[in-house]
Amino acid sequence: MLGVYGGTFDPVHFGHLRTALEVKELFKLDEIRLIPCFIPAHRDEPSVAADMRVRMLELALAGQSGMTVDTREIDRGGPSYMVDTLASLRETLAADRPLLLFIGSDAFEHLCQWYRWQALFDYAHVVVMTRPGSGYAELNEVLKQRYTDSIQKLKDTACGSLFFQRVTLLDISATAIRQMVAEGRNPGFLLPDAVINYIDQNQLYRR
């Protein structure tokens, strides 16, 4: 199974990395690809250039087996629509290989506002990462029909299902990290040292 985890990663931090590692193990993924977006469709543009966000991801994932950076959204240019990303990924995979899109519970609340959101299920399963003890909002009819509580079903089919997985969600915010750096404070223990060094060397997020 192949996993996909998108975001601005501005900057990447341990909240991203911990959940990526956890779902890789929980679902026994062959690989999970972190995909930095170029121009977000549903949020403000990133603070730093795409190539720098890619480099921070590469530094963060150095030495991690089965966790890679995929730059297809940046290479494609324009607004980053996940349905286009999944379609391009699916073209490179065997037709029966399971593809899992991992999204946070906050993103899931707005899923029905995403560009061609129903078509996501034509290419992948959608796995919502939730906090331990949390539930989820009432599902609409389309999502109810997609819902499964069987990991085995995700393994046995290439796409089409909605699944909820509890993970350890660290309360770390990229926005708060940027603010911290802008104020000259130390963001240590919130993101990898290699990423902090890169931010310092390139004077990123300074006022």
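List every residue pair whose Cβ atoms sit under 8 Å apart, with the two residues 6 or more apart in sequence or on different chains, where the first one lies in region 184-207 and is among the small types (Gly, Ala, Ser) and the second, anywhere, is open to solvent by 40 Å² or more (accessible area, probe 1.4 Å) and part of a loop (DSSP other than H, G, I, E, B).
Filtered contacts from region 184-207: 194/62.
Does residue 105 satisfy the criteria of being among the polar types (S, T, N, Q) and either closer than 15 Å to residue 19 by Cα or surrounded by 14 or more Cβ atoms within 10 Å (Cβ to Cβ) (or both)?
Spelling it out, residue 105 is indeed among the polar types (S, T, N, Q) and either closer than 15 Å to residue 19 by Cα or surrounded by 14 or more Cβ atoms within 10 Å (Cβ to Cβ) (or both).
Report, by residue number, each residue of region 15-49 that is open to solvent by 70 Å² or more (accessible area, probe 1.4 Å) and either in contact (Cβ under 8 Å) with a residue 12 or more places away in the chain or part of a helix (DSSP H, G or I) (or both).
Correct list: 18, 25, 26, 28, 30, 38, 42, 43, 47.
Step by step: first the residues of region 70-102, then only those that are open to solvent by less than 40 Å² (accessible area, probe 1.4 Å) and assigned to a strand (DSSP E or B), then the one that is modelled with the lowest pLDDT. Which residue is that?
Applying the filter and picking the extreme gives 80.
Within region 52-69, count every residue that is within 18 Å of residue 29 (Cβ to Cβ) and either without any contact (Cβ under 8 Å) to a residue 12 or more places away in the chain or not in a helix (DSSP H, G or I) (or both).
Qualifying residue count, region 52-69: 7.
Evaluate region 126-147: report whether one residue or more is open to solvent by 40 Å² or more (accessible area, probe 1.4 Å), closer than 21 Å to residue 2 by Cβ and either touching a strand residue (DSSP E or B) at 6+ places or on another chain (Cβ under 8 Å) or at pLDDT 90 or above (or both).
The answer is yes, given that some residue of region 126-147 is open to solvent by 40 Å² or more (accessible area, probe 1.4 Å), closer than 21 Å to residue 2 by Cβ and either touching a strand residue (DSSP E or B) at 6+ places or on another chain (Cβ under 8 Å) or at pLDDT 90 or above (or both).
Among the listed residues 196, 177, identify the single one that is touching a Gly at 6+ places or on another chain (Cβ under 7 Å), more than 30 Å from residue 97 (Cβ to Cβ) and part of a helix (DSSP H, G or I).
196
For residue 181, work out the one condition from (1) touching a helix residue (DSSP H, G or I) at 6+ places or on another chain (Cβ under 8 Å); (2) without any contact (Cβ under 8 Å) to a residue 40 or more places away in the chain; (3) closer than 20 Å to residue 28 by Cβ it doesn't fulfil.
All conditions are met except number (3).
Residue-by-condition table, conditions (1) within 23 Å of residue 7 (Cβ to Cβ); (2) in a helix (DSSP H, G or I); (3) touching a helix residue (DSSP H, G or I) at 6+ places or on another chain (Cβ under 6 Å):
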{"site": "112", "(1), (2), (3)": "yes, yes, no"}
{"site": "120", "(1), (2), (3)": "yes, yes, yes"}
{"site": "153", "(1), (2), (3)": "no, yes, no"}
{"site": "160", "(1), (2), (3)": "no, no, yes"}
{"site": "187", "(1), (2), (3)": "yes, no, yes"}
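Assuming residue 153 fulfils every condition listed in (1) touching a residue at least 12 places away in the same chain (Cβ under 8 Å); (2) surrounded by 11 or more Cβ atoms within 10 Å (Cβ to Cβ); (3) not aromatic (Phe, Trp, Tyr) apart from one, which condition is it?
(1)
The values are calculated or read from the model by the stated rules, or taken from the named source; none is laboratory data. All values derive from a computational prediction rather than experimental measurement. Positions of Cβ are generated from backbone atoms using ideal geometry, with glycine treated the same way; all protein chains shown enter the neighbour counts. Remember, those area values only see protein heavy atoms, side chains included, never the ligands or the DNA or RNA. Shrake-Rupley method; radii C 1.70, N 1.55, O 1.52, S 1.80 Å.
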